[in-house]
Amino acid sequence: MTATLLSLHPFPQTILDRVFGPFARTTDFVTVNCMEALVERSGLRQAKVFICDYDVTLTTLHHSLSLDMARALIDLLEKHQRELVILTSKWLNDIEADLKGGYKGQGVHFLSMLPQGTAVTVICRFFDQEIKKTGAKAYRYTSCEERLAVDGLDTIFDDVMKKHQESRRTTGAVFAKDEAIRCYLKGKGLSVREVIYFGDSFRIGGSDLPVLDVDGITAIQVKAAHETLEMLSRC
């Protein structure tokens, strides 16, 4: 199965190979002309799990979640009963700090806003000082802010660690997001058709490019957080 990458912005044929490398030949690139068409074509309203990059996709660069974005994500969890996974190449301590008050203390305290009975899953890059290797950590967070283990993801650090160097060689990315997604799907017993991925950096060296190596995945390329916010408002 090929991956599908949808966008409101055109993919010029003359630069596909240069921007997307080997994925230019194994990805179905689809440009749509309006937001509603993008929502319909992606199957957004039927997806059970929303996997989102963080910087730029959910936030303005070097800022944290806006109040509007925080409320939209909470609606996704509470009103629409979807699962939210933040998949980021940020380090564990950095993403935790961001969700607890924001970049330089200027953002919202997202975790404390979570309604009772809801939780957000965070999968992030993690460097093990003992073995000097990079892998991934996965935790669920509630309004109590404590780290909770994610059932079925016990081996995610080792699995991502093994793919890490290969990912760097083939895509230039610093984090094997593709393997993190495969671990999540397997651990939760989900089909790739039940998830949708949002990201902004699908290019050689971009953190989202490895996602296109997940067979059958549907991904949406956004240019800024306001595009993500508008799509979430249409769920």
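Numerical summary
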item	result
Compactness of segment 104-235 as Cα Rg over 2.2 N^0.38 Å, two decimals	1.12
Charge sum, other residues only, whose C-beta stays under 12 Å from residue 49's C-beta, Lys/Arg counted +1 and Asp/Glu -1	+2
Length gained when the stretch residue 71-residue 204 is fully extended (0.36 nm per residue, less Cα-Cα span)	44.6 nm
Segment 149-173 and segment 54-91: distance between their alpha carbon centers, rounded to Å	22
Cut-off 14 Å between beta-carbons: net charge of the residues surrounding residue 128, Lys and Arg +1, Asp and Glu -1	+2
Segment 3-232: antiparallel DSSP beta bridges as a percent of all, rounded to 5	30
Gain on full stretching of the segment that runs from residue 30 to residue 154 - 0.36 nm per residue minus C-alpha separation	41.1 nm
Positive-pole candidate from 155, 38, 197, dipole of segment 3-232, charges at beta carbon	155
Inter-label distance, nm, simple model (7 Å from Cα along the C-beta direction), residue 166/residue 226	4.1
Unit charges on C-beta of K, R, D, E only; dipole of segment 184-235, Debye	120
Gain in span if fully extended, residue 234 to residue 16, counting 0.36 nm per residue against the direct Cα distance	75.5 nm
Long pairs among 100/137; 100/162; 177/223, criterion Cα-Cα beyond 26 Å	100/162
Calculated [θ] (222 nm, deg cm²/dmol) that DSSP helices of n ≥ 4 give over the chain, each run adding -39,500 (n - 2.57)	-9000 deg cm²/dmol
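Read the figures in this text as sums done on the coordinates, not as results from a lab. Computed from a predicted structure; not experimentally measured. Neighbour counts run over all protein chains shown; Cβ positions are idealised from the backbone, glycine included.
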